[in-house]
Amino acid sequence: MPELFIELFSEEIPARMQARAAADLERLVREGLTEAGLEIGESRAFAGPRRLVLVISDVPHKTPDIVEERRGPRVDAPEKAIQGFLRATGLSLDQCDIVADEKKGPYYVARIERPGRPTEAVLQELLPDVIRRFPWPKSMRWGARRLRWVRPLHSIICLLDGRIVPFELEDIPVGRETRGHRFMAPDVLSVTGFADYEEKLRKAFVILSGAERARIIRARAEQLAEEAGLELVEDEGLIRETAGLVEWPVVLMGSFDESFLDVPEEVIITTIRSHQKCFALRRKAEDGGGLANRYLLVANLEAKDGGQKIIEGNNRVIAARLSDARFFWEQDLATPLEERVPELDRITFHAKLGTLGDRVRRLEALARDLAPFVDADPEEAAFAARLAKADLVTEMVGEFPELQGTMGKYYALKSCVPPYIAQAIEDHYRPQGPSDRVPDQPVSIAVALADKIDMLANFWAAGEKPTGSRDPFALRRAALGLIRIVLENGIRLPLLPFLQDRVRLSPAFSGDDAEAEAIARDLLGFIIERLKVHLRESGVRHDLIDAVFGLGDQDDLLTIVRRVKALENFINSEDGQNLLAGFRRAANILRIEEKKDKRTYEGEPNPQLLIAGPEKKLASAIRQARANVKKALANEDFEAAMAALARLREPVDTFFDKVTVNAEDPTLRENRLLLLSRIRDVARLIADFSRIEG
C-alpha cells in the first residue's frame, strides 16, 4: 500500500522544541487519518534544526465504504412521520426495506451507502488543519501571513505513493522540493519518496535522524578526548541539545588560558555550556584529575581549513565569558558569605510568605528541631541553614542561577566555614530529580529536610497546592525529595507534628490549632500519595501499598515502607497465600451476614459456647497471635508480626473444614461470627487484608 511522506521545512526550530514537535506531528496526523476510517501502518517522525518529517507506511488509497442502517417509523405510522423520515435519509419509500416486528409491527429501515473518500481528499482537509493548530509552546506570525508557526515556514512536501497531494496554505508552496545543508548544499532537491529523500539529504550534508546525530557527536567527542589523553565530562542533555542545533555535526577541540582553572570547575563547565554549548574535558585520574583547559564544540559544517577559524572564534568568545566569570568570582569573594545574609531581607520570596530572610529564619529554627532525629548538632544545623540561601545575592548566582548552592559551598569554604557545613549548603537543594544523589551527612540531611518541609507546609498554608499538571513551585519534587532523604538514610521522623507546627507558624496562616491540623493532615495525605507513587515505581504491588495505608494515621514514612516490605514477603510465601485465602473467606462471610443482619459483629465470642476442638483451638490461636503481633509491632519487628500471623494458618483451615458458621442455632451462629470477627481484627493490626488482590 502507499507511503505517506510529509516534510515541513522552516527556519531554525529551537532544539528544545524539536522532539516534542515531531511527536505532535505524528500524533495529530495519525489521529486524523484514524478518525477518517483509515487503517494505517507504522509511522516514523524526525526533527532537525530546519525540518519536521513524518513517514507512514501502508496508507490505503481511500477510506472504507460505509453502509448505515437507520430505523424508521412503523409502516402504519402517520404520513407526516414517514415523509420526515424520507427527507432525513434522502431516500424514496421504495428504496426502504420493511422489517417485521411481532410486538410493534413492521417498520421501515433505510440502508444508506456512503462510498469511501480518496485518501488524497482526506489529507487535503487534514494537513492544513494540523499545521494551523500545531501546539508549539511559542509561535508567531511573519509578514502578511495569518499562520502562526515557531519560525517562518518555507515549504511543504506531501507525497502519497510518490504523488504530490496539493493543498493551499496561504503562500507556502506544497510539492516535492526541499533543500539540503544551508551552507554546504543549499540547492533545491526534488524527491520521489522518503527513501529517495533520506538518501539525497545525506548527500546534501543533512543527517535526518536526531538520534544518529547525537551518536555521532558522542562518539567523535569521546574519540577526540581520548586522542588528547583527556576524558569527556558527561552531559547527555547537551548532546541532545547540540544534536538539535546542527544538521551535519562536526566536533572540534578548542582551548582557553590555564589561569581560568583557578575558578571553580562548575563555573567553567556552566559558562562554556550555557553560552557556547561546549563540552568540558577533564584530565584522567592517573594524570591528577581536575578540569582541563580544553573543550569541545559542535560545528554545523566541514570547513575548508579544518575548522581552525571556527575554533579561534570560539576561543575568543569563551575567553571573554570566562573573564566575566572570574570577575564575578573575585567580586563575590570580597564579601564573606555570612555578611550577605541580611541582604536576603530585601528579596521577596512569596507575597504571602515574606522575604527570603524570613524563609531563612524559619529554616534555622526547623533545622535545629530536626537535628536530633538525624544525629546532627542542632547549632551546626541552624548555622548551615542560615548560610544556605546567602549565595542567591552573589554576582555569580545572578548570572548562573543553576549554580545556587554550589557557589554557596565554595564561598563558605573561602570564609573558613567547616567543610561539612559548606557541603550542607550545596546539598540542601538535593535531590532535584530521580537520578540526583541524596544528602547523606547529618547536617546536610537536617537542612535539606528543613528546606523541603518548610516549602511544603508554607505553600499549603498559603493555599498554593499543586493542581492537575500545574505545579509552579515544584512541590511534588519537594515531597519526593523528602521521601527519598528519609528512606535512603533510614530516618525515623514523625512528620505530622512538624507539618502542623510549620503550618501554624506560617505567615500565610491565621487560623486556630484545629485548622492547622486539618491543613497538615491534607499535606501529609499528599506526601503519602507521592510515597505510593515512589513505591509503585520501585516495583511494589499497589494492592499491598493500599493494604498498609488502609490502616490510616501513619506519618512515619520509614515504618510504613518497612511494613509494606514485610507484608510483601509474607504474601509471597505459601503460608501467606493460604492464610490470605482464609482471611478473605472470613471477611466475605462477615460482610454478607452483617449486611443481612443489619449489624456489625464485633467483640469477644462467649467461651462457654465454643465447641471443643476446632473452635476452641482457633480462639486460643487468635488470642496468642494477637498478643504476639502486638508485641512484635511495639518492637517494630514486622517480620515477627507476620510470623505470628502465619501461625493462624492451620487452625483457620481446620475451622473452615470442620465447622459450619451459619448454624441453625442462632446463638451458636452469632458466636461463630464473633469468632470470625476476631480473625479480621487481628489481621487489621498489620494491614487491611481486604485490599489485597489474588
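If R0 is taken as 56 Å, the Cβ-Cβ distance between Arg599 and Arg215 corresponds to a FRET efficiency of 0.20. The GluC sites (Glu not before Pro) of region 55-103 that meet both conditions, a loop assignment by DSSP and at most 13 other Cβ atoms within 10 Å of the site Cβ, are Glu102.
Let a ≥ b ≥ c be the square roots of the eigenvalues of the Cα gyration tensor of region 219-333; is it rounded (a/c under 1.5), or, if not, prolate (a/b larger than b/c) or oblate? Note, shape of region 219-333 comes out prolate.
Working from the Cα coordinates of region 631-679, the gyration tensor eigenvalues give, after taking √(5λ), semi-axes of 30, 13, 4 Å in decreasing order. Taking 0.36 nm per residue of sequence separation and removing the Cα-Cα distance, the Gln83/Arg146 pair yields an extension gain of 18.0 nm.
Think of the chain as having a plus end and a minus end, set by charges on the Cβ of Lys, Arg, Asp and Glu; of Tyr107, Leu558, Val360, Tyr107 sits farthest toward the positive end of this dipole. The trypsin sites (Lys or Arg not before Pro) found in region 63-139 that occupy coil by DSSP, while having at most 16 further C-beta atoms within 10 Å, are Lys103, Lys104, Arg133, Lys138.
Using helices alone, what [θ] at 222 nm do you get for the chain, with -39,500 (n - 2.57) per DSSP H run of 4 or more residues, divided over all residues and rounded to the nearest 500?
-16000 deg cm²/dmol
May I ask you to evaluate 6.51 cos²θ - 1.76 cosθ + 1.60, the Karplus curve with θ = phi - 60°, for each residue of region 454-467 and list the ³J(HN,Hα) values in order in whole Hz, giving x for glycine and proline? Result, ordered by residue: 4, 4, 5, 5, 6, 6, 5, 4, 7, x, 10, 6, x, 9 Hz. Sequence-ordered 3J(HN,Hα) estimates for region 595-602 from the Karplus curve with 6.51, -1.76 and 1.60 and θ = phi - 60° stand at 5, 5, 8, 6, 7, 10, 8, 9 Hz, glycine and proline given as x. Distance from the C-alpha centroid of region 278-292 to that of region 562-603: 61 Å, rounded to the whole angstrom.
A Cβ-based charge dipole, computed about the Cα centre of region 219-333 with Lys and Arg at +1 and Asp and Glu at -1, lands at about 380 debye. Along region 619-636 the Karplus relation, 6.51 cos²θ - 1.76 cosθ + 1.60 evaluated at θ = phi - 60°, assigns HN-Hα couplings of 4, 5, 5, 5, 4, 5, 4, 4, 5, 5, 5, 4, 5, 5, 5, 4, 8, 6 Hz to successive residues, with x for each Gly and Pro. Listed peptides 18-27, 153-162 appear in the order 153-162, 18-27 once ranked by packing, highest mean of other Cβ atoms within 10 Å at the front.
In region 527-570, inverting the average of 1/r over every pair of distinct C-alpha atoms gives 10.3 Å as the Kirkwood radius. Figure legend: label point modelled 7 angstrom from the Cα of Ser323 along Cα→Cβ; residues of region 279-315 with amide N under 17 Å from it are 312-315.
The simple spin-label model puts a point 7 Å past each Cα toward its Cβ; for Glu258 and Ser620 those points are separated by 8.6 nm. Sparse packing (at most 14 other Cβ atoms within 10 Å of the Cβ) combined with a DSSP loop state is found for the following GluC sites (Glu not before Pro) in region 167-196: Glu168, Glu170. Look at Met1, Met642 and count the other Cβ atoms within 10 Å of each Cβ; fewest to most, that gives Met1, Met642.
Checked against a 20 Å cut-off, the cross-linked pairs Lys203/Lys304; Lys277/Lys304; Lys389/Lys414; Lys595/Lys630; Lys565/Lys630; Lys277/Lys309 give Cα-Cα distances beyond that limit for Lys277/Lys304; Lys595/Lys630.
Could you give the distance between the Cα centres of region 642-694 and region 497-525, to the whole Å? Between the Cα centre of region 642-694 and that of region 497-525, the gap is 41 Å.
Residues whose amide H lies under 5 Å from that of His154, counting only those 5 or more places away or on a different chain, are Phe9, Ser10, Glu11; hydrogens are built 1.01 Å from N in the peptide plane. Within the same chain, aspartates and glutamates fewer than 8 places from Lys138 are excluded, and of the rest, those with a Cα less than 17 Å from its Cα are Glu11, Glu12, Asp24.
Identify all lysines with a Cα-Cα distance to Lys80 below 21 Å; exclude those on the same chain that are fewer than 8 residues away in sequence. Cross-link targets: Lys104. Label-to-label distance for Glu636 and Lys658 is 4.1 nm, based on points extended 7 Å past Cα in the beta-carbon direction.
Mean separation of Cα pairs under 8 Å and 6 or more residues apart, divided by the residue count, gives the chain a relative contact order of 7 percent.
Relative contact order of region 281-366, please, whole-number percent, based on alpha carbon pairs below 8 angstrom and at least 6 residues apart.
Across region 281-366, relative contact order equals 12 percent.
When a/c reaches 1.5 or more, the comparison of a/b and b/c decides; with that in mind, is region 67-113 rounded, prolate or oblate per its Cα gyration tensor?
Since a/c reaches 1.5 but b/c is at least a/b, the shape of region 67-113 is classed as oblate.
Net charge dipole, the chain: roughly 1400 debye, given to the nearest 20, about the Cα centre with Cβ charges of +1 for Lys and Arg and -1 for Asp and Glu. Taking amide hydrogens as placed 1.01 Å from N in the peptide plane, the amide H of Leu551 sits under 5 Å from those of Asp688, each at least 5 positions away in sequence or on another chain.
None of the figures in this text is laboratory data; all of them are computed from the coordinates on show. All of these numbers come straight from a predicted model, not from anything done at the bench. Note that we place each Cβ from the backbone using ideal geometry, even for glycine, and neighbour counts take in every protein chain shown.
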